[in-house]
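> Structure provided below as C-alpha cells; questions to follow.
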Amino acid sequence: MNSVTISLVVVPTVVALLLFLVFTYLYEQTRQDYFRAWQLGWGAYTLHYALDAWSSFRNPSALISLLASLLLTAMALCIFISTRLMRERFHLRWYDVAVGLAGIALSLWNLSQQMVGRVFHPEMIPDPRLRLEVGVALVLLYCSFFFYRYAHRKN
C-alpha cells in the first residue's frame, strides 16, 4: 500500500468511521432525531469510502462506482434532512425526494460519462459542471448556511 492510497482512501475512511461512532454515541445519549440522521449520513459516507478502497485495491467496476456515488448522495440527503429535524419530526417532503432524485440522476450521468463502448473507464473524468461532488457540495453549503443561521438565532 503506498502513501497516496493511505492518504486518499484509508485515512478518510477511518475518520468517517470515527464520526459515525461519535454520532451513534450522541444519538444513544439524547435520542434526538437529527443525531440519527447524522449517524446514517456518516455511515453512508464510511461505506462510500470503503467502496472506494475496494475499487483501489481490486479491479474497478461500474457497479461499485455507482454504489459509491449513491452512498455519497445518501450522506448529503441525510444531512439535508437533519436541518429540518432540529425543529420538527420527520415528514418526507417533496424537496427531499427532489434532492434524492437529483443525486441519483447525477450518479447515473457521471457513470454514463465513464462508459465507452459498454466498458467502464474510471480514469475518465465527467464534465466538471455536472459532477455529483458539485451537487453534494451545493447541498452541504445550504446545510451549513442553515446551521449557521440556526445557531445565530439561538446564540
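The values are calculated or read from the model by the stated rules, or taken from the named source; none is laboratory data. A quick note: this is a predicted structure, and the numbers were derived from the prediction, not measured. Cβ atoms come from the backbone with ideal geometry, glycine included; neighbour counts cover every protein chain shown. We work out accessible area using only protein heavy atoms, side chains counted, and drop any ligands, DNA or RNA first. Shrake-Rupley method; radii C 1.70, N 1.55, O 1.52, S 1.80 Å.
> Can you name the residue in the stretch 105-117 that is free of Cβ contacts under 8 Å to residues at least 24 places away in the same chain and surrounded by 12 or more Cβ atoms within 10 Å (Cβ to Cβ) and, of all such residues, is farthest from residue 136 (Cα to Cα)?
Here the answer is 113.
> Can you find, within the stretch 1-25, the residue that is most open to solvent (accessible area, probe 1.4 Å) among those that are assigned to a helix (DSSP H, G or I) and modelled with pLDDT under 75?
8
The rows are residues; the columns are (1) in contact (Cβ under 8 Å) with a residue 12 or more places away in the chain; (2) open to solvent by 50 Å² or more (accessible area, probe 1.4 Å); (3) among the β-branched types (Val, Ile, Thr).
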position: 50; (1), (2), (3): yes, no, no
position: 68; (1), (2), (3): yes, no, no
position: 85; (1), (2), (3): yes, no, no
position: 90; (1), (2), (3): yes, yes, no
position: 94; (1), (2), (3): no, yes, no
position: 103; (1), (2), (3): yes, no, no
position: 135; (1), (2), (3): yes, no, no
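> In this structure, does residue 61 turn out to be surrounded by fewer than 16 Cβ atoms within 10 Å (Cβ to Cβ) and closer than 27 Å to residue 14 by Cβ?
The answer is yes for residue 61.
> Looking at residue 121, is it open to solvent by 40 Å² or more (accessible area, probe 1.4 Å), modelled with pLDDT under 95 and closer than 29 Å to residue 153 by Cβ?
Considered against the rule, which asks whether it is open to solvent by 40 Å² or more (accessible area, probe 1.4 Å), modelled with pLDDT under 95 and closer than 29 Å to residue 153 by Cβ, residue 121 comes out as no.
> Kindly evaluate residue 58 against the criterion of being within 20 Å of residue 87 (Cβ to Cβ) and over 16 Å from the mean Cα position of the chain (by Cα).
Against the criterion (within 20 Å of residue 87 (Cβ to Cβ) and over 16 Å from the mean Cα position of the chain (by Cα)), residue 58 does not qualify.
> Checking residue 98 against (1) closer than 30 Å to residue 31 by Cα; (2) in contact (Cβ under 8 Å) with a residue 24 or more places away in the chain, which single condition isn't satisfied?
Going through the list (1) closer than 30 Å to residue 31 by Cα; (2) in contact (Cβ under 8 Å) with a residue 24 or more places away in the chain, residue 98 breaks only (2).
> Does the stretch 120-132 contain at least one residue that is over 23 Å from residue 20 (Cβ atoms), in contact with a Leu (Cβ under 8 Å, 6 or more places away or on another chain) and without any contact (Cβ under 8 Å) to a residue 60 or more places away in the chain?
Yes, that holds for at least one residue.
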